[in-house]
């Protein structure tokens, strides 16, 4: 268990879906409407195991081993599918240990994962650092330390976590983690070459690991403007058939940037429950004048409104994009993008702030992202173009 290195996503915050932990209830007006289709227990071993674990925990509510297994099942599905119900189920399972400073390592890691979904990065890091201080071989904790550090552009901490956490693991695991940091700090071309070679050297690596590495490779090639290489890596990752929420959203963005919205509809239709996917469907529909877009936009607006009523602010980047690209609300988009960038400083967060500032003709508002771009050495055709346009403003 200790040696598991999860397919951490440098953009783990992408899974901080709208209403991730406490979505407002939906009340249908049509009695015949299907709300959700549940898998048949007979054909879904995971669902059967979830049911068994819940029943066991009802009888023995302090069994940390049972709680850990159940939480892992929910988090695994959350990371793959982005289903917000799983975050709520995981949080409820952890309730007896939520404030327990002596919770077992497995539960502290799970607690940290849920905290970072809610942008409580300091709380998450405190849990994770406590775990590795007690046991430096807890690779899963190191993986999440690296992921959170990447989200916050703390590249020194991310590199240290990669070096510590991948000791004794496969070359692909180590290369993928370190290459992710290198790609963000001025060595994107070399990182892509190293990652491509590591993938070629380990063709039989676990599918989850290959998906993580291929997604990182695709994003790096995309930033370098190597469109064919990027698409090839995205397609290889998709061909693994793992139904990864982040991968689907990243490839949808690639397609939108390449002017291929019809392919986004094909890729994501039927996945409207996931907020990241719904936003991209709405963007594609707008580009195509697809009549379904009006309904998708209305659903997004309702979700953002419900989140505001709850005081939930974990979705600011997505709402900023919604307001800028779908509503044309420049004045509303910029404060959201700026607030989001104070917490999350990945490429997508910087792009959102730069785009919103450019639309508002507010070079001053883009200063934090422009400064990050200059200091980090981050290489990106799209970000460099936006930066140049902003710098040219009077």
For the stretch 49-122, taking Cα atoms only, what is the radius of gyration to one decimal and the Dmax to the nearest whole Å? 11.7, 34
Helix-derived mean residue ellipticity, 222 nm - over the chain, DSSP H n ≥ 4, -39500 (n - 2.57), to 500: -21000 deg cm²/dmol
How big is the Cα convex hull of the stretch 313-365 in projection, averaged over all directions, in nm²? 3.1 nm²
What full-extension length gain, to one decimal in nm, is calculated for residue 160 and residue 331 as 0.36 nm per residue of separation minus the Cα-Cα distance? 57.6 nm
How far apart, in nm, are the 7 Å Cα→Cβ label points at residue 381 and residue 95? 5.2 nm
Which three semi-axes in whole Å describe the equivalent ellipsoid of the stretch 270-383, each the square root of 5 times a Cα gyration tensor eigenvalue, listed largest first? 25, 16, 13
Using the Cα gyration tensor of the stretch 333-394, the equivalent ellipsoid's semi-axes, largest first and to the nearest Å, work out to 15, 15, 9
Could you work out how much longer the chain between residue 363 and residue 302 gets when fully extended? Use 0.36 nm per residue separation minus the Cα distance between them, nm to one decimal. 18.8 nm
One quarter of the convex hull surface, Cα atoms only: what value does that give for the stretch 243-312 in nm²? 4.7 nm²
Counting just the Cα atoms, what span does the chain cover along each of its three principal axes? Round to the nearest Å and put the largest first. 67, 56, 37
Taking the Cα centroid of the stretch 321-394 and of the stretch 178-257, what is the distance between the two, rounded to the nearest whole Å? 24 Å
If one builds a Gaussian network model of the chain from Cα atoms under 10 Å apart, the most fluctuating residue listed among 294, 179, 337 is 294
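Coordinate-derived values only; no laboratory data. Please read all numbers here as calculations on a predicted model, not as lab measurements. Note that each Cβ is placed from the backbone with ideal geometry, even for glycine, and that neighbours are counted across all protein chains shown.
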